[in-house]
Amino acid sequence: MQSVASPWKRMQYRAAHHRRTVEVICPTIATMPKSYYPPESNLKAPDGMRKTRTIIAEDPHWTLALVPRLSNLCLQSIASNFEENPIFEQLTPSQRRFIQERLSPSLPLHITANLISDGIYWKRCCELRWDLCDVSLYGHSWKRMFFERCLENMIELFIPDVTEPKTILDMVPHCRNYVKRLDICQLLTPVKEPQRAEEEELASEHEYEGPSVDHFDFGILLDKLTSLEELHLVYRVKHCGMNFEWKMFEMTDRDCESLAKALMSCKTLKLLRLHQSHIEDNKCRLLVKHLLDHPSLKVLDFSHNLIGDRGARGIGKLLSRGNLEVLNLCDNVIRDHGAKAIAHALSKNSTLLSLNLRLNRVRDEGGQAIGEALLKNNTLCHLHLGGNEVTAPTAVALSEALAQKNILKSINLSCNNLGEAGGKALQGAMSLNTSVTECDLRLTEVDEQIVAFINQVVWTNESLEEERRAREKTDK
Amino acid sequence: MEEVDMDPEKASEPENVEVKSRVFTLEDDKDPGVELSGEMSEKRLQEREKQISPRRITNLQRHLTTLVTNIQTAADARESMRRKELEEARKMRLELLENDMKSSQEKFEEITRGWSLTKEKVSAQELQEALNNQQLLLTSLLEDKKKVIDELQQELKLGDDHFVKDLKKQAEERDLMLERMEDQIKTLTKAYREELAQTQSVNQRETKDLLTNDTSDWEQRMKKLWDTEQARLAQRRKTVEEYEAKIHSLIFETMDKQTATKIEQNAKLQVLEREHQKTLASIIVVRLNQIKEKHELEVLTSSRVDSLQTEKKNAVAKPNNQPRKTSQSLSKDYKQSVQQYERLQKKLKQIVVADARTFEEMWATVEAEVRQLAERALEIDSLICRQHFGVAWERPPMPLAASSSSFHTERQTHRPARRAVSQLYHTEQSLQRSSQRTTMGVDAETESADVDHASMGGTATQSEGDAELEDGTLTLETVTKVMELLWEEVGFLMEDDPTLLASLEKEEQTAIKLGSLLFSFGIEEEDLPKLAHFLLKYRQQQSEQTERVCDETGESSDQAAAFDPTSDLIHPNHVLPALKSFLNQYMKSRQNSCQSSVVHTEGRGSSEDKAYWESLGNVIPDSKVQLWEEAEKTLTQYIVILTDICALDTETDSLRQQNAELRMLLQQSLNPQVCHVTHQ
């Protein structure tokens, strides 16, 4: 039996072996777009006809069309040798797309940055680096997204006196034309040396021997970014853990000075957002001083800082000497004097559209001042006075403005103890008003019926507004 | 703090509910209005529906956002409250600290005063007391400070706890906010979906309505179209039927017409055919008449006067009978053509004879010339042989004599043939002449008396046959008789249908029979009399033979006598062999006559003549010619030498002259000297 069985087994084994080798060969052939030989030549195994036949029969992808075209081969070689010989401008759009799909994302930026336009290549680069890529936040431009995020990353990971500023400056010529917004959510402090404790004793003697910069100096960067429009800045450290120090969440005077100069040098800036950075009156005044007469700044956001009356006075000056359209000072410590200063500026201003003074300490004096200023102002559309400890007199002042002028569109007086009197005054004003489409009177101790009435008026105004808009649309 | 925190929540929650309820009430308020308006008209209802759905969505949006933002505003409120409290706490703390500072200052001053008092003290006890007092004061101060510190620390702790609590709360709120946001999104999407579905349904309804309207419209129009089309179709059918009926009637009309015309034409055709047949019959009759007339003419021409008379008579009797005229003219033409043919034949024969004569003359002259040339060549040969080679010349065996003799003999042999030909010719001529004569005679006879034909036949033929035997000519009578006999005897060879002949008259029968017979034998009509003659002769020979046999036997005379009366011309049994022999002879003679013209040329072109001429040409054989050539060569050499010699002779002559002159001069010169010498 053994003698009979063994050859049979051997045959079976050989057959299985053949199948395995075939299966091994097949995918390699199927995934061999770069093989310049037609697949047949590879298949001509010396074993015999059976093998070749099975391969062709079992490879469903084998067609003559698999033989790559010469033009495709050329483009492939261009893509593979792009670093040495970048050919891109001369190609037709379809060929460019072909190359963009095949270029390695690890190519040095000095080759690709100004050569390859926005498209698939940059998409591939972005998706390789980051998991979340919402291109709609970047004006639907993958290239812009790539460079902005690159630069942000570099700045966020910049350690003063450790990282060479040159590394960032090298990047500038590549990304200069594409960076429109910088959203920086952390700025690292200099590295603390271990013998810091001992040196503290000598600190008084060598006061300036500490780090040359407390945070990244924007002075070297902002004047070079010729198309920067938005700057979001936070002086803080993410994930600090147990190394927490208050210093990490503060903007120092030196930082403020350098930043103020840098902002002055950046002429294209439209939006500045400097929040949660412990800005006091002095720093605010310094910044505002440098931002006076800025040619393009439209939006200023100093929310969640420590700006007081003096700072507010400075901002009031900025309002009268600038083109600000949106001012956000929420969560500061502006009191009645500061509010008065702002109100004074507002009475003369003709550009500001939105003013946010949420969570300040404006109180009735400031509120009344703002209400009076609104009588003279003709532009402000949005006003937020939520959580400002204003009471009925402010409401009366505001209701006067609302009754007389149909400019204000949204008003927020939530979290203020307006009382019945204020509510009634507002009701009377709103019955005459036609422009307000949004009125927040929550937690204001106003009578429910009045609130309902005001809401009714607001909704009618809203529907009227919509109708007007629709009419405008149809007119267009 | 808790209460304060809870307040906004509480405030917000019922508000939400109320807002919701209000919204619903609003919607409820509107519903009856909608119903009322729905009674007014459906369109308005639809418009309302359209308006309501966005309103509902805006309401939803508003309420949901307020739900979300409520938390924020609550947080804001709490924050502001916290800040307020913080400020108050700070104020209190500051006051407390100030008080504490003031009291501690007083105490400190007391202590410092105590220290100054101690300096005044001298005694140790007092000092000790003072010290103790101071110590007490200090401890009290310290305790106060400690108290304050503890209080502050407790506050701090409280604050920390608060902070943690706040953080937790805020986290919770944040979660809540997230939840609400999600809810908002969900509800909004739901609402949007509903709205979408509604709009879709409205749209579908509208499209359905439109579709139904359109389809109904379409159907109506189609129906209209269909009706109109059917009406048209019916009309068309009617018209078609009308036209068909018209066409049928037209077809029948035309058919009738055609059949009528056909019948007419058929009748005409039949008439025409009948006429044609009639004419054919008449033509046949005319032809037969013509044949008859021919015979008659032949009969008529035998006697010219009678013929003329008869012609006149005919002319007078049937002046209008054209076929006869034409036949006459045709016969005339025929005669003329026959005469012409004969003339041509004669001419041909004469030309042949003349050609032969000229050929003979040519032959003789050429032969003589050739002979002379041969003679000359032989003479030259003899000269060369004798003079040049010095060999005795022998005359080569002369073929000329024999050949010439043979030629002469040949000529002599030819001559009888020629003579025979000429004889034949002569006989032919005479025969023709006689035949002409006989035909005319026959014509005359037929013309003169048809009745006498049979009775007279026997005697006339005999007499004429005798005369003919003498003259070598025969009368037509005998000829016809012989021919009839021939026909009777040999007719079985023919394949002609006797029924055809039966319809014809006897004479015509015989004529046709004769024609066919002669044609079958291949004998020409001219040779007919010859045949008759031969047959008669044959009879004579036969009779002679029989006579001889009779002489020998002595019985045959009776037999012959017995034979003779039945057939005076020839015995019917002898006709066939006689004919055979005649045919043989005739064929020979014909061949001869045919060849006779050729014989002169062909006979000469034979091999004998060729040999003769070659022998004449080769009088000098090739060996001799070679000899001659060699001789010529030697002779030319000899001539050259001779010419050289001749030239040399002239030179020698001139030299001789010079010599003589010189001698003369020498002598002259010598002579004076001699003279002189002699003189001297």
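The values are calculated or read from the model by the stated rules, or taken from the named source; none is laboratory data. Computed from a predicted structure; not experimentally measured. Here Cβ is always computed from backbone atoms with ideal geometry, including for glycine, and neighbour counts include all displayed protein chains. Ligands, DNA and RNA are excluded from the accessible area calculation, which covers all protein heavy atoms including side chains. Shrake-Rupley method; radii C 1.70, N 1.55, O 1.52, S 1.80 Å.
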Considering region A:445-466 alone, what residues qualify as being farther than 22 Å from A:Glu389 by Cα, within 11 Å of chain B (Cβ to nearest Cβ) and among the charged types (D, E, K, R)?
-> A:Glu462, A:Glu466
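Among A:Ile155, A:Ile168, A:Ile116, which is hydrophobic (A, V, I, L, M, F, W, C), touching a strand residue (DSSP E or B) at 6+ places or on another chain (Cβ under 8 Å) and open to solvent by less than 50 Å² (accessible area, probe 1.4 Å)? Spell out how you get there, then give the answer.
Values: A:Ile168 fails: touching a strand residue (DSSP E or B) at 6+ places or on another chain (Cβ under 8 Å); A:Ile116 fails: touching a strand residue (DSSP E or B) at 6+ places or on another chain (Cβ under 8 Å).
When all the criteria are applied, what remains is A:Ile155.
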Can you run down the residue pairs with Cβ atoms below 8 Å, 6 or more apart or on separate chains, where the first is in region A:342-367 and touching a residue at least 24 places away in the same chain (Cβ under 8 Å) and within 14 Å of chain B (Cβ to nearest Cβ) and the partner is in a helix (DSSP H, G or I) and acidic (Asp, Glu)?
-> A:Arg358/B:Asp76; A:Leu359/B:Asp76; A:Leu359/B:Glu79; A:Arg361/A:Asp336; A:Val362/A:Asp336; A:Arg363/A:Asp336
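Out of B:Lys107, B:Lys102, which single residue is at pLDDT 90 or above, away from chain A (no Cβ under 14 Å) and either surrounded by fewer than 16 Cβ atoms within 10 Å (Cβ to Cβ) or in a helix (DSSP H, G or I) (or both)? Steps first, answer last, please.
Numbers: B:Lys107 fails: at pLDDT 90 or above.
Exactly one residue qualifies, and that residue is B:Lys102.
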Looking at B:Glu129, is it more than 14 Å from chain A (Cβ to nearest Cβ), assigned to a helix (DSSP H, G or I), in contact (Cβ under 8 Å) with a residue 12 or more places away in the chain and among the acidic types (Asp, Glu)?
-> no
Somewhere in region B:142-160, is a residue under 29 Å from A:Gly386 (Cα atoms) and surrounded by 11 or more Cβ atoms within 10 Å (Cβ to Cβ)?
-> yes
Provide a single number: the residues in region A:223-281 that are free of Cβ contacts under 8 Å to residues at least 40 places away in the same chain and β-branched (Val, Ile, Thr).
-> 2
Report yes if A:Arg442 is farther than 24 Å from B:Thr66 by Cβ and within 14 Å of chain B (Cβ to nearest Cβ), otherwise no.
-> no
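Quick one: which of B:Thr187, B:Thr139 is open to solvent by less than 90 Å² (accessible area, probe 1.4 Å), free of Cβ contacts under 8 Å to residues at least 40 places away in the same chain and out of contact with any Asp or Glu (no Cβ under 6 Å at 6 or more places or on another chain)? Walk me through it before giving the result.
On the way: B:Thr187 fails: free of Cβ contacts under 8 Å to residues at least 40 places away in the same chain.
Exactly one of B:Thr187, B:Thr139 is open to solvent by less than 90 Å² (accessible area, probe 1.4 Å), free of Cβ contacts under 8 Å to residues at least 40 places away in the same chain and out of contact with any Asp or Glu (no Cβ under 6 Å at 6 or more places or on another chain), namely B:Thr139.
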Please determine, by comparing only the residues of region B:118-134 that are surrounded by 12 or more Cβ atoms within 10 Å (Cβ to Cβ) and either closer than 20 Å to B:Ser104 by Cβ or basic (Lys, Arg) (or both), which one is nearest to the chain's Cα centre (by Cα).
-> B:Gln134
Of the residues A:Leu398, A:Leu327, which single one is closer than 17 Å to A:Lys298 by Cα, more than 14 Å from chain B (Cβ to nearest Cβ) and out of contact with any Pro (no Cβ under 6 Å at 6 or more places or on another chain)?
-> A:Leu327
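So which residues in region B:619-639 are part of a helix (DSSP H, G or I) and either polar (S, T, N, Q) or closer than 26 Å to B:Glu369 by Cα (or both)? Break it down into steps so the answer makes sense when it comes.
Pass one, region B:619-639, residues part of a helix (DSSP H, G or I): B:622-639.
B:Asp622, B:Ser623, B:Lys624, B:Val625, B:Gln626, B:Leu627, B:Trp628, B:Glu629, B:Glu632, B:Thr634, B:Thr636, B:Gln637 - these are the residues of region B:619-639 that are part of a helix (DSSP H, G or I) and either polar (S, T, N, Q) or closer than 26 Å to B:Glu369 by Cα (or both).
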Going by the structure shown, is B:Asp609 acidic (Asp, Glu) and open to solvent by 70 Å² or more (accessible area, probe 1.4 Å)?
-> no
Answer from A:His382, A:His344 - the residue that is open to solvent by 10 Å² or more (accessible area, probe 1.4 Å), touching a helix residue (DSSP H, G or I) at 6+ places or on another chain (Cβ under 9 Å) and over 24 Å from A:His278 (Cα atoms) = A:His344
Of all residues in region B:49-99 being at the interface with chain A (Cβ under 9 Å from one of its Cβ atoms) and of a type in the set (Val, Ile, Thr), the one that is least open to solvent (accessible area, probe 1.4 Å) = B:Thr73
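Scan region A:412-428 residue by residue and report those that are open to solvent by less than 40 Å² (accessible area, probe 1.4 Å) and either more than 14 Å from chain B (Cβ to nearest Cβ) or over 19 Å from A:Ser354 (Cα atoms) (or both).
Our first condition is that a residue be open to solvent by less than 40 Å² (accessible area, probe 1.4 Å); within region A:412-428, this holds for A:412-416, A:418-419, A:422-423, A:425-426, A:428.
Within region A:412-428, A:Cys415, A:Asn416, A:Leu418, A:Gly419, A:Gly422, A:Gly423, A:Ala425, A:Leu426, A:Gly428 meet the criteria.
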